[in-house]
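The block underneath contains the structure these notes are about, expressed in structure tokens.
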Amino acid sequence: MAEAFNDLTLSADKAARYAEVAQEIASVLEDEPNLTARMATVSAMLAASFDHYFWTGFYVVDPERERELVVGPYQGTLGCLRISFDRGVCGAAARTGKTQRVDDVHAFPGHIACDGRTESELVVPVFDGAGRLLAVLDIDSDRPAAFDDIDQANVEAIVAATFSI
């Protein structure tokens, strides 16, 4: 019973922290139209807010190479420079336009090991106000099954509020 209570408390604390950081991001970016500045701010603020985040950043759709992502602003170790839409978790998010939450990246077909310490991953597609895919927000953890419904719902909400302009 105590364990269930602790889980509920941790979930409430995490949801509250997401609400705080969402407000902070919105406040910082209120009058900022530049896409790179928006991405850099989101990746920095999310990375600084959650211990289970190991790598946090964006892969941007390359307008010069069809169906390819190129690394954008991020926090963490060296990221892959380019990712095709047909490879890995980021490629799956770009290709399908749907969030990918992977508890064990080593079991994901075609996973790209940019950093071998990554165990789980949450990748959210980023769309502009017209519904065009701009990028994906990639969040890695060095813990297995690190992301849950609270993470997914809140990161999706932050991305939608920040980039659907």
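Amide H contacts for R143 (H built 1.01 Å from N in the peptide plane; partners 5 or more residues away or on another chain; cut-off under 5 Å): E119, S120. With θ taken as phi - 60° and the Karplus curve 6.51 cos²θ - 1.76 cosθ + 1.60 applied, the whole-hertz 3J(HN,Hα) list for the stretch 18-31 is 4, 4, 5, 5, 4, 5, 4, 4, 4, 5, 5, 9, 3, 10 Hz, x standing for glycine and proline. Springs join every pair of Cα atoms under 10 Å in this Gaussian network model of the chain, and among E30, E68, E121 the largest mean-square fluctuation is at E30. Considering only D140, D128, D51, the mean-square fluctuation computed in a Gaussian network model of the chain, springs between alpha carbons under 10 angstrom, is largest for D51. Each of I150, I139, I83 was scored by other Cβ atoms within 10 Å of its Cβ. Arranged with the fewest first, they read I150, I83, I139. Centroid-to-centroid, using Cα positions, the stretch 24-61 and the stretch 109-154 are 14 Å apart. Residues D151, D115 in ascending order of nearby Cβ atoms (within 10 Å, fewest first): D115, D151. Backbone phi angles across the stretch 74-80, fed through the Karplus curve with coefficients 6.51, -1.76 and 1.60 (θ = phi - 60°), yield HN-Hα couplings of 7, 10, x, 6, 3, x, 4 Hz in residue order; Gly and Pro are listed as x. Residues Y59, Y18, arranged from fewest to most other Cβ atoms within 10 angstrom of their Cβ, appear as Y18, Y59. Taking each DSSP H run with n ≥ 4 as -39500 (n - 2.57) and averaging over every residue of the chain yields -13500 deg cm²/dmol at 222 nm.
For the chain, modelled as a GNM whose springs connect Cα atoms under 10 angstrom apart, the maximal fluctuation among T56, T77, T99 occurs at T77.
Among the cysteines of the chain, C90 have no other cysteine beta carbon within less than 4.7 Å of their own. FRET efficiency for the A16 to A48 pair, using the beta carbon distance and R₀ = 22 Å, is estimated at 0.85. For the stretch 135-143, the Karplus equation 6.51 cos²θ - 1.76 cosθ + 1.60, evaluated at θ = phi - 60°, returns couplings of 5, 10, 9, 10, 10, 10, 10, 8, 10 Hz by residue, with Gly and Pro reported as x.
All of the numbers you see were taken from the coordinates with simple rules; none came from a lab. Note that the structure is predicted; figures quoted are calculated from it, not measured. Glycine also receives a Cβ, built like all others from the backbone with ideal geometry; neighbour counts cover every protein chain displayed.
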